[in-house]
1. If we sort 166-173, 141-148 on the protection proxy, mean other Cβ atoms within 10 Å, highest first, what's the order?
2. Checking the cross-link filter: which lysines have an alpha carbon closer than 30 Å to that of Lys22, excluding same-chain neighbours under 8 positions apart?
3. What ranking do 10-20, 99-109, 82-92 get when scored by the average of other Cβ atoms within 10 Å per residue, highest first?
4. Return the calculated 222 nm mean residue ellipticity for the chain, to the nearest 500 deg cm²/dmol, obtained by summing -39500 (n - 2.57) across DSSP H runs with n ≥ 4 and dividing by the residue count.
5. Could the peptides 45-52, 68-75 be put in order, highest first, of the mean number of other beta-carbon atoms found within 10 Å of their residues?
Amino acid sequence: MKFLKDFKFQEIEFKNFVFLNKLEKEIVLNWRNNQSIRNNMYNNCIISSSEHFKFIEKLNTNKSKFYWLVRDASNLLGVFYLTNVDISNKRAYLGIYTNPLENKKGRGTKIIKTGMLLYFKKVNFHTLKLEVFEKNNVAIDFYLKVGFKKEGILRDYVIRNNKWLNVLILGMIKDEWRKLYE
C-alpha cells in the first residue's frame, strides 16, 4: 500500500506510526493528550498508553487510516494523517496537529504543504477533505489560507459541555492544488 511507508521531501520526513519506536509513540501520545490538541478532536478524552499502542498496532492492517510523525532536520513538527481513505475514488480526509510543546511559526504550513504534495503528486489522489469545529477560527483561517474551500456544515454534530457544536467541511481538489503549488 502506497501510504504504509515513510516519505521524505526536501528536509521534511514523514514517519509512519507503524514504524515509530517506543519513545516516538510516547511523544505522540503526550501531544495527543495535550489539552490544546484534545479540545479540537472528536475524541477529547485522555488516551491511555495501552489504548494508544493498540491503535498504532491496528494501523498495520487498516487500509483506510494512515498517520505520520512529521519532522524537519532539527525539530519534531507534528502529525499528519489521512482517514476514510478511498483508493478507488482517490479521496480521503486529512488531519494535522503541531507539536504543542514548541511555539515556532510555520510548522503547520510545512506539514500541510508537504502532506498535500505527498497526497496529490506522489500518490495521485484527486479530492482531499477535512472537518473542523466551526468555533476553531485559527484552524479555519489556516486551512483557507493554504487553499481549502468551505464546502458544507454538519449542524449540531458534536456535544461538548452540554452544548452542540457545528463542524465545517472544507475541501480541495487536485486542480486547485496545482494552481496554487505547482
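1. Numbers: 166-173: 17.9, 141-148: 15.8.
In decreasing order of mean packing, 166-173, 141-148 become 166-173, 141-148.
2. Lys2, Lys5, Lys8, Lys54, Lys58, Lys63, Lys65, Lys104, Lys105, Lys110, Lys113, Lys122
3. Values: 10-20: 17.1, 99-109: 13.5, 82-92: 15.4.
Highest mean packing first, the order is 10-20, 82-92, 99-109.
4. On the way: 6 runs with 53 residues, N = 182.
Value at 222 nm, helices only, nearest 500: -8000 deg cm²/dmol.
5. So the order, starting with the most tightly packed, is 68-75, 45-52.
Taken together, the values in this text are just the output of simple stated rules run on the coordinates, not laboratory data. Since the model is a prediction, treat every value here as computed from it, not as a measurement. Using ideal geometry, Cβ is built from the backbone for each residue, glycine included, and neighbour counts are taken over all protein chains shown.
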